[in-house]
Structure formats: structure tokens, C-alpha cells
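Heads up, the thing below is written out as C-alpha cells.
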Amino acid sequence: MSESSTTSDMVLGGDASVTAAVVREELLRDYPAKTKKKREKQIVINDKQHGDDGSLQLPVVAANSRTVPGIISQRGCCYAGCKGVILGPTRDIVNIVHGPIGCSFYSWLTRRNQTHTPTDEHDNFMTYCFSTDMTEENIIFGGEKRLRQAIQEAYDLFHPKAIAVFSTCPVGLIGDDVHQISAEMKKQLGINVFAFSCEGYKGVSQSAGHHIANNQIFKHVIGEDDTQRSKWSINLLGEYNIGGDAFVIEDLLERCGIELVSTFSGNSTYDQFANAHMARLNTVMCHRSINYVADMIEKKYGTPWIKVNFIGANATAKSLRKIAEYFDDRQLTENVERVIGEEFPAVVEAQRKYRPRCTGKRAVLFVGGSRAHHYQELFSELGMETIAAGYEFAHRDDYEGRQVLPSIKIDADSRNIEELRVDADQDKFRESDRQQGIQREKQGYTLREYDGMMAEMKDQTLIIDDISHSEAERLIKMVRPDVFCAGIKEKYSVQKMGVPCKQLHNYDYGGPYAGFAGAINFYEEIDRMVNARIWSRVQPPWENGTPAADAISPLPISMEEPEESTNP
Amino acid sequence: MTLLRHTQGGEITERQALTINPAKTCQPIGAMYAALGIHRCLPHSHGSQGCCSYHRSTLSRHYKEPVMAATSSFTEGSSVFGGQSNLLQAIENIFTIYQPDVIAVHTTCLSETIGDDIPQIAEKASEKGLIPEGKRVIHASTPSYVGAAPTGFANMTAGMVKYFSQSTSPNKVAGRVNVIPGWVEPADMREIKRIVAAMGLESIVFPDTSDVLDCPQTGVHEMFPKGGVTVEQLRAAGDSAATIALGPVCSGPAAVELTNKCGVPHATLPLPIGLEATDRFILELRKHNGGIVPQEITDERGRLIDLITDMHQYFYNKTAALWGDPDQLVSLSELLLTVDILPKYVVTGTPGKKFLRQMGDVLQDRKSEVQVRQGTGADLFLMHQWIKNEKVDLLIGNTYGKYISRDEGIPLVRHGFPILDRVGHQFFPTVGYRGAIRLLEQILEALMQLQDVECSEERFELTM
Ligand code: SF4
Ligand code: SF4
């Protein structure tokens, strides 16, 4: 009925015996029984089964499940996903963290979200950190009074458009009603004040926080401003402007004549969110953090959505074309082709330069909820192969594709994340946009489609969800990848093993990597990393018998004769 | 374009509830840092996984080194029923997979609010056979709604004494002193060990993050690098002749604990940053080595004095704004006054009764020219408001000061924690005479560089 697409096991590295199955075995070897049982379901060989009907069967990855206590994990908390990731990049909301000081301090400017304010008169609170800095007394007697006072003080000092309140772990426990207080203050101050119950213990990772954040933005902000938008207007959902990525995309869209109504949430403002429902098409970049918002907007306002990816030159071109194709307009198509034509020569030039230096090298990617997938594009443009990958906080659909959505079981950790019930808005639903979507689908255009990471990865590669430190270390020892992509917590242990680590959360303070210009930046960066001479100099030349002894001897510099003296 | 565009001078209204741009962070990160200074120890954060992730990230960004720590990964269920089963499972996993000798558990706001009893859970783990022979689980209580990062450092350091130190005899080992270095860089701990050795004394320095957070690149990642105070040494600390606690906030409690538990007398000194503070440290060490100060140390001091006399003209009557941890601020202020820079604004979010008095001792007759603020409302926003009203020549503090620096055109010397935007600082000590030389060189460079960039063409000079 169905059969494996390849016959032999893929070799991941080292010698030919290092197959995905062998590596998997080693990663699991020393776990206590209970932990092993759990990890077995999250470390999976990408065994692709092709049905006769052209269908693709992928193994199940038990993603989005709780990290076992004591495991050194990459993951952060719900609050980090809510305040840090989703609301962090919006510049004109005063974000007050209700809790002791730490949670607020650590999310202060650490995610590298860039923002561009047109003038000094425009609000920008991203450089600020606001906290109620709860004391013991607040923990014992409740912190509601303090929160109310903090909101008032923020208002008096800054008169912002909106104030958002974020609950941290202890607040959930002592039961401060942040929503009630926000509602009261909203009434009292006459500005929008809303709260997020994003206590860190909710859900299993940042992903829960994305959901809570997006739900509240959907409830409290989207739909507030009905200003009309042009016929080629879109939202960009799930792009957070790390290292200036959103700037690159904004520029491309503008040159194509596509109006960007809002970005969730890179380089964004409150007003953009409020007006987002007026865009004609939603484009989803990071499927994990926001696909449900696209669904909710579609249900309530009629806006169809498509998946895009601006990481990788080919993917960028494809995404621009896909947007143009949706609007089905000759002028727009011409614009898009012109822009691609303007950008591509530099890309080809850069590929010509860097590809020979990188080709054949192997990458592994363990990061985020979409980047471990998207960045494989860039590596393949360099001729590099991804031999193992996994997400830090994605769900099954991000691995296996959206078709598994109906079969995902809701566990106790997901149950406490609110799913909004959304109906069509009687006044604001745009039937014309819905019809446009239906029309396009009839013509073979695909909406709401995401096949996930595994479909695009090679057969028999290794998928590791929520990789732990010990697994990462064993993986490196066995396959010696040429580059390891992860985050700050992994960066230096990986590099201590002599393997360069590219941070794909914060880009190692580099970037942008989106779009065509970003792709070129990335090629250059990877060339720098995989070819840096320093990695071959780790062993001291006096330690003989090291395998690379020849390679590491100092460069020959002729020194036989002293310089002739110029004195008589 | 201004980065902190919403900060204004003028009349400053007192805030009761809102902290803006804090000059502190939470207890557990201090506890985690301290625990990394125990050889073969894995810090463990008993709470939700976010805290642990944040602490590891921040420490890694500062030290550019791996920071290994585990977490109890609380669920909503554990936050209701307590985290006992999480910690038991964590202990089993950690000893099986990562195999440290010591697990140093610290709590978070969450587990503290729940009221988990860590020693009791550890006891249970022991009964269940989850703690292998010879291995230990220690703990410190570190709720962030009291104290701040230095408090967490102090609590974990005191915990080391509580769990390990023993007095085996009323006769203490002459010529051996314990030194508790406080929250300083790995290079500072290394320098402190060097100074004590140069003074002819044996030392037990704890915690000790040298060779843990400044490891050489060898192509091998050691989960537990060679550095760190050993459990043996911590035990033996109870038999040392004396303890010198550097910095009352970070190091005081452990020294007191050691006196109470093992009868080791202690002296608490300011962090040896700057001339006078280092003098005090040397004088204290001299009490234990028969009164000798080797020429090597005297020469180092002499070179520092020489440097100050050479630099003094550029420092005289300059003003600075400082923020950070109390122990650092007291000594830094004294150093600045030594070279005639006025520490005009001094801010710490870390509470603690003695800080203001110590600042008073340091400032003496210049008190009236200086604003010092501590605790709630003592934050970078307030300091920036002061600066808007009356500028200073220099900023000294962590990386967050760079926003003020750029907006106001005031040079920043990075000091304290965290430094997120520069590499290599962990290799250069600022304690001792040599450390002071480094610090003053940095300060002068910052001032001169600004002059070179900003002065008019006709005033641009070759020799300065
Ligand atoms: S909850 Fe407490 S321990 Fe955790 S990050 Fe926040 S302040 Fe720190
Ligand atoms: S206390 Fe909770 S919300 Fe704050 S960092 Fe820790 S896990 Fe996240």
C-alpha cells in the first residue's frame, strides 16, 4: 500500500554507521524509564511514507507537551511568550508587569525587536521597563491596590494610548483580579487598559503566552478602527522584527505597491492592530505563534489567509508572487516581478561567492516555533543540508502540517489556554473578501495551507522536539555538524565543543536575514562561521597526535635570515 | 532621535507603586551565580521554567559562557498542589543524566508563595534513594519579593556554610583564611586568590566562579568545569582561622553563619575595589600572616598611586552617576572620591539597612552634594530625571545605562551586572590595586575619547 521513499538509512555524520536510528538510540540511552518513555515520542525519525495516491504519511511528534522536571530545556515560560514575544515589539503601549521585579527585568530590551518611530514626537516605550515590583506585603495582602496605583502613575507620567498589564506566577496564585482592575482603570482614565493572565506556569512553553497575548489583542484592540484600506492591503502576522527583518519586508512590499496595514508585531503600533481587520488578506509568517489569529480574523471579518515565508531568497520571491497571485492583478504581478528582478542579481552574485565555500556542510536547527523550519531554506540555498531539526515550543501541526489539526489531543496543559469562540461580525464582516477567497480557491489557489517542517526535510533525518542539553551534546559528539542553530542558553556549550552556534532567536546581534538583502547577510554570516580559521586552531600545536595536527601547525612564514641592517 | 524620549526633568513626582527601568533584579539569579561557584554543582530553580530560562540567559549573555541549570518546570497543577513531585522527579533526572556532586536548589517567587518545604522534599528524595551515595542536595530560600539579586547570592552562599561547613576541632588552622568574594567577576575571584597567596596565606574562596565562567576553549564542553570551591573545602572552611567577607550584603550572612556554626571569627570589609578598600583588605590579611606585606603587593599599590597622580588632572571636579548593587556602589564611590570625581547620583534598587549609612561614611563632608536613593522608586528612570535636571560627566553601571549615555552624550563605563553588549570584561579584574588600575584606565579612556570626538578642531590636541 505504501512504502518508504528511500531504501537506505540517511547518514547523519561521522562515519556511515551514524544513522538517525543510531543517534536516536544514543540520545535516549541513559534516561530514567519514565523520562525515556516521554522523550521517545519526541525524538522521531523522519520516516516519510508515500501512499500510492500521492499522499504523504509522517510519523507523529509528541510536540507541545510538558518538559520533564530536571531536564535542561531550551524553553521559557508563558509570560515570556506573551510579554516578551508578542507585545514586546509594539512601541506605543505601556506594558506593566505585575509581579516581583525579575520577570520584568529579564524581558527588558533583550529580544532585539527594532522599531522605527517617524519622529521624536511619536511614542516609544520599548526602551522602558515597567513593573509593580511586588513586595512581601503585596504577596500576603494582595497586590491589587499597588497595581491600580501603578497604572495611575504610568498614566500621569506618560499619557499613553493604552496600558497593558501582565500577570506573573505569584500574581496568579494570590488571585489579584488584573482584568477587573484594568476594566476599572480603563473607565477611569478613558484609555484602553487590558490585562493578560499569562502566568509562567500556564501551558508548557512560550507558545501558551503567544496564544493568550493574541487572544487579548484580538478581543481588545482589533476592530477598533474601521479606516478603509486599499485593494492590495495585507497584514503580516508572526513577524517580530528581530534584527530589522520587518524593515526589509516592509520595503519590499512597499516597492511592490502592496499596502501593509499591520505587522503582528514587529515595528508595530496600537493603531495598526486596531485597523488590522480592514486588510484584504492575511499573510502568516510564523505559523506557530499566530495561525489562530488568522483563523479568528477570517471568521469574524472574512479576511482569507495564506502562509508566507520571507526567510530565503527563493521563499521570498515565492511569497511575493503568492500574494500577487491572490489579488490576481496584472499590474501587481508586474510590480512583483520587477522587484524580484531588481533584487535577484545580488543574490545570485552572493550565492556564487559563498556557495562553493559552504556546500556539502551540514546544519542542525533547534529553535523557536518556525525558524527551525524556515532557515532550512537559507541553508539549502548555500548547498548545505539539514540533518536534524526540532522546535523549542511548536505544536504537531508545525511539524506534520495542518492536516493533523483535528487529531491533536488537548491535554491538561493546553486546556487552560482559552480558545475564543468567534462569530462573524454582523456589521464588519466583508463578504466580498470571503468571496474572493472562494473564487481563488476554485481556480486552484491554496489558502490556509501549511505542510510543516517534516514534509520539506529529507527522509530519515532526525526530528527532536524540545531538545535537552544532554541530547544536544550527544548529537554533536556523534554527528559533528558544521553549524548548530539554537539560542543563547545553548550557544556557548555548543561552541565549547568546537562547533559554531548560530543564534536564531536574536541572530547573534546580526541580521536582518529576511528578504533578499537578508539572505545575502545570512550567506555571509554562515560562511564566516563555518570557515573561520579559529576552529582549526583549538588544539595547541604542541599536543601531538591530535587528528588535525597538520592543519593546526602555524602558517609558514619565512624567517631564515634577519633583515639586513641599513646602517653602514 | 532620543531613545528614552518620555523621560523628562523638571519637578520629580514620587512614585509609590511603579518601578521604571529597575536598578536591580531578582534573588534567584544571584543564587544561581553563587551555586555555579561550587565545583561539580548544578543549580536548580524550583519553580516554573521561565525564571530558570531568564536567569541562564542573562548570565550567559553577561559571561559569554555556558550556564547550566535545571528547573522543576511547574505546571498549573503544581502551582496549586505544590511542587514536591516535580522536585523529586527533577532530582532523579539530574543525578541520572547530568551527574553533578551537588544540586543547589533555590526557590522562586512561585514556590515561595506556595510554601514548598525544600529540606523536607530533599529528605524524601533521600528516603526514596534518589540521591546517590556521597551526593548532596542543598538549598536556599530566595523569594524575589524580598531582597534582590545580591540577597540571593548571599542566601545561597550562607547555604553552603549551613550544609557543608564543619568545625572538627577548637584549634583553627593558622595561616588559612576563608574569603567570601561577593558577587564579582570570575577574574576578580582569581585575583583575590592571587592576592591572598601573595600575602603568604592559604585561602578557601567561596563561591569561586573562576575556571567555571571563564573557561578556556578546548573543543570539549565540560558540564562541570575544573573551577569552583569543592565540597571538601567548604567543609574545611569551618576549621579556618578566620573569614573575610568582602561586601556586607553579598558576603556578610555567610560569614556570620560560619562564626555561629563553627566559631570561625570574621571581619566584614567593603569590596576591595579602589585604593582604600584594597588597603583595608591587605591590612586584614596582614593580621593573619605575621604582619608582612610582600614587595610585590607594595609595588602594585605604588603603581596605582603613580597612575592616579598622572591621571588626576583629568578627574578633578568631574561628576558621575552610579547604579547597581550596594556592595559595589560603596566601594566605587570611595574610589571616585579618591581621585576627586564626585559620585553625584547613586542609585540601587536593592534594599538593606546599612547601605545609606555606609554611603554616608564614604561621602563624609560631601554628603550634601550627592543624591543617594535605595529601594522602591530608586531606579534608572529617577536617576535619568536627576541627570536631566543637572548633568554629570560620567556614567558607571550596567549595560542599561547605554540608553541614557546616548541620549545625554555622557560616556558610560560598564561595570556591574549585567553587561550584555561587550565581550571580555569577565577576564579583567577590578578588585585589588591592579583592578583599580584597570578601572581608572577605563574611566579616563571614556572621558578622553569624548573630548577627542567632541572638541572643536582648534582644540583638538595630539598630546593630552
Ligand atoms: S518570578 Fe520571581 S524568581 Fe521568577 S523571574 Fe520573576 S521575580 Fe524572578
Ligand atoms: S515567575 Fe513565572 S512569569 Fe515570571 S519568569 Fe518565572 S515562570 Fe515566567
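The values are calculated or read from the model by the stated rules, or taken from the named source; none is laboratory data. Since the model is a prediction, treat every value here as computed from it, not as a measurement. Quick reminder, even Gly has a Cβ in these numbers, built from the backbone with ideal geometry, and neighbours come from all protein chains shown. All accessible areas refer to the heavy atoms of the entire protein, side chains included, with ligands and DNA or RNA removed. Shrake-Rupley method; radii C 1.70, N 1.55, O 1.52, S 1.80 Å.
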Exercise for the section: Between beta-carbons, use under 12 Å as the cut-off and find the net charge around B:Phe428, counting Lys and Arg +1, Asp and Glu -1. Expected result: 0
Exercise for the section: For chain B, find the longest principal axis of its Cα atoms and tell me its angle to the long axis of helix B:27-36, 0 to 90°, nearest 10. Expected result: 70
Exercise for the section: Report, to the nearest 10°, how far helix A:371-381 tilts away from the longest principal axis of the Cα atoms in chain A, using its own Cα long axis and a range of 0 to 90°. Expected result: 40
Completion exercise
What helix-only [θ] at 222 nm does chain A give? Using -39500 (n - 2.57) per DSSP H run of at least 4, over all residues, to the nearest 500, the answer is -12000 deg cm²/dmol
Practice task
Report ³J(HN,Hα) in whole Hz for each residue of region A:449-458, in order, from the Karplus equation J = 6.51 cos²θ - 1.76 cosθ + 1.60 where θ = phi - 60°; Gly and Pro get x.
Solution key: 10, 8, 8, x, 6, 5, 4, 8, 7, 5
Practice task
Would you mind telling me the share, in percent, of accessible area of region A:78-220 contributed by carbon and sulfur at probe 1.4 angstrom?
Solution key: 48
Exercise for the section: Determine, at each q value in 0.06 (inverse angstroms), the log₁₀ of I(q)/I(0) that the Debye formula gives when each Cα of the protein assembly as shown is one equal point scatterer. Expected result: -0.47
Fill in the blank from the handout: In nanometres, the difference between 0.36 nm per residue of separation and the alpha-carbon distance of B:Glu369 and B:Glu457 is 28.3 nm
Practice task
Hey, can you find the accessible area per residue of region B:297-457 for me, probe 1.4 Å, expressed in square angstrom?
Solution key: 41
Completion exercise
Excluding residues fewer than 8 positions from B:Lys162 in its own chain, the lysines with Cα under 22 Å of it are B:Lys124, B:Lys135, B:Lys172, B:Lys261
Handout entry: Neighbour-limited loop hits for chymotrypsin sites (Phe, Trp or Tyr not before Pro), region B:244-347 (at most 12 other Cβ within 10 Å; DSSP other than H, G, I, E, B)
Key = B:Tyr316
Exercise for the section: Would you mind giving the three semi-axes, in whole Å and largest first, of the ellipsoid equivalent to region B:1-93 according to its Cα gyration tensor? Expected result: 34, 19, 11
Practice task
Take the alpha carbon atoms of region B:15-58, find their center, do the same for region A:62-122, and report the distance between the two centers in whole angstrom.
Solution key: 16
Completion exercise
Chains B and A: accessible area buried, summed over both chains, 1.4 Å probe, nearest 100 Å², reads 7000
Fill in the blank from the handout: Sorted by accessible surface (1.4 Å probe, heavy atoms of the protein chains only), largest first, B:Phe206, B:Phe417 come out as B:Phe417, B:Phe206
Handout entry: chain B: angle of helix B:380-389 to the longest principal axis, Cα-based, in degrees nearest 10
Key = 10
Handout entry: Cα gyration tensor, region B:27-164 - rounded (a/c under 1.5), prolate or oblate
Key = rounded
Practice task
Take the alpha carbon atoms of region B:70-124, find their center, do the same for region A:422-469, and report the distance between the two centers in whole angstrom.
Solution key: 40
Handout entry: Calculated log₁₀ intensity ratio I(q)/I(0) where the Debye formula runs over C-alpha points of region A:373-511, q = 0.13, 0.20, 0.21 Å⁻¹
Key = -0.79, -1.27, -1.34
Problem - Ratio of the Cα radius of gyration of chain B to 2.2 N^0.38 Å, where N counts its residues - result: 1.00
Problem - Calculated over region A:78-220: convex hull of Cα atoms, volume per residue (Å³) - result: 101
Problem - Equivalent ellipsoid semi-axes - Cα gyration tensor, chain A, angstrom - result: 40, 30, 27
Completion exercise
GluC sites (Glu not before Pro) in region B:326-400 lying in a DSSP loop, each with at most 15 other Cβ atoms within 10 Å of its Cβ, come to B:Glu390
Handout entry: Amide H contacts under 5 Å for A:Ala63, placed H, 5+ residues apart
Key = A:Arg396
Completion exercise
Between A:His116 and A:Gln331, the two model label points (7 Å from Cα along the beta-carbon direction) sit apart by a distance in nm of 2.4
Fill in the blank from the handout: Per the C-alpha gyration tensor (a ≥ b ≥ c, the square roots of its eigenvalues), region A:194-270 is rounded if a/c is under 1.5, else prolate if a/b beats b/c, else oblate; here it's oblate
Completion exercise
Among residues of region A:62-82, a drop of 40 Å² or more in 1.4 Å probe accessible area, assembly relative to the chain on its own, occurs for A:Arg66, A:Pro69, A:Gly70, A:Ile72
Practice task
Using the heavy atoms of the protein chains and a 1.4 angstrom probe, tell me the accessible area per residue for region A:37-133 in square angstrom.
Solution key: 29
Handout entry: Per residue solvent-accessible surface (Å²) - region B:1-159, probe of 1.4 Å
Key = 28
Practice task
With 28 Å as the limit, write out which pairs from A:Lys38/A:Lys477; B:Lys318/B:Lys402; A:Lys83/A:Lys299; A:Lys458/B:Lys64; A:Lys231/A:Lys428; B:Lys226/B:Lys402 have Cα-Cα distances beyond it, or answer none.
Solution key: A:Lys458/B:Lys64; B:Lys226/B:Lys402
Practice task
Could you work out how far the C-alpha centroid of region A:353-392 sits from that of region B:276-346, in angstrom?
Solution key: 52
Practice task
Could you bin all the Cα-Cα distances of region B:297-457 into 10 Å bins starting at 0 and give me the percent of pairs in each, rounded to whole numbers?
Solution key: 10, 40, 38, 11, 1, 0
Handout entry: Residue-by-residue Karplus 3J(HN,Hα) for region A:203-218, coefficients 6.51, -1.76, 1.60, Hz, glycine and proline x
Key = x, 10, 6, 4, 3, 4, x, 4, 5, 5, 4, 5, 4, 5, 5, 4
Completion exercise
Taking N as the number of residues in region B:173-293, the ratio of its alpha carbon radius of gyration to 2.2 N^0.38 Å works out to 1.05
